[in-house]
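Take a look at the structure set out below.
The values are calculated or read from the model by the stated rules, or taken from the named source; none is laboratory data. All values derive from a computational prediction rather than experimental measurement. Methodologically, a virtual Cβ is constructed for each residue, glycine included, from the backbone with ideal geometry; neighbour enumeration extends over all protein chains shown.
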Amino acid sequence: SCRPRRNMVRNPPGLLTSDCTVGTDVDVLDCSVPQYNNRLDTPLPDVPFVRNLGADQKKLKEKEKGAWTSLSKEEKLALYRLSFELTYPEMKRGSGEWKTVLGGIFFFLGFTGLLVWWQLFGDVPHTLSPEWVEQQTQRMLDMRVNPVHGFSTKWDYEKKQWK
């Protein structure tokens, strides 16, 4: 990712915009400058992780120019952390995001299962009762629905029974 630079965006006179866009701060990424990134395929970033050194860090950097045998393990680690944010094992360590994804999948599977269970084992609509089907069939016969090739061709209207 590039280093963000803050710019103030102003609308030109005469340009009608909503109130929320007038004089707002916008982060502009300047990709023309060297940047720091934690990537396994880029072992040496263009710039160190810490760019603005404090007083203690400046003293440590001066001490670095001397013999490394005089540095303690903590000082060596502090020097490493000035140049790099993460070590390789820290970069390779997985995140716990898979747990959230798996939890979401199981939630939606469970919700879908409840909907299916409700549809399969819920109350049967009254339109599927035998009385309703019989009344609907009689109404369709009375209306002579599809008399040429369909439903009504199988009914004998004189004998009032199925052919």
Quiz item: Among the helices (runs of 4 or more DSSP H) contained in region 70-124, which hold 1 or more residues that are closer than 30 Å to Q57 by Cα?
Solution: 73-83, 88-92
Quiz item: For the subset of region 28-47 comprising residues that are surrounded by 10 or more Cβ atoms within 10 Å (Cβ to Cβ) and within 25 Å of the chain's Cα centre (by Cα), which member is farthest from G94 (Cα to Cα)?
Solution: V28
Quiz item: Does R144 satisfy being more than 37 Å from the chain's Cα centre (by Cα) and at negative phi?
Solution: no
Exercise. Give the residues of region 121-152 that are within 17 Å of K163 (Cβ to Cβ), of a type in the set (V, I, T) and surrounded by 11 or more Cβ atoms within 10 Å (Cβ to Cβ), sorted by residue number.
Key: T137, V145
Practice problem: Find all pairs meeting these conditions: Cβ atoms under 6 angstrom apart; at least six residues apart or on different chains; first residue within region 84-113 and under 24 Å from V47 (Cβ atoms); second residue at pLDDT below 95 and loosely packed, with under 10 Cβ neighbours inside 10 Å. | Solution: M91/L40
Practice problem: Considering only region 1-60, state which residues are hydrophobic (A, V, I, L, M, F, W, C), at pLDDT below 85 and not in a loop (DSSP other than H, G, I, E, B). | Solution: M8, C20, V26, V28, L29
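Let's see how each residue does on (1) farther than 22 Å from N37 by Cβ; (2) of a type outside the set (A, V, I, L, M); (3) out of contact with any strand residue (DSSP E or B) (no Cβ under 7 Å at 6 or more places or on another chain):
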{"residue": "K63", "(1), (2), (3)": "yes, yes, yes"}
{"residue": "K73", "(1), (2), (3)": "yes, yes, yes"}
{"residue": "E90", "(1), (2), (3)": "no, yes, yes"}
{"residue": "L102", "(1), (2), (3)": "yes, no, yes"}
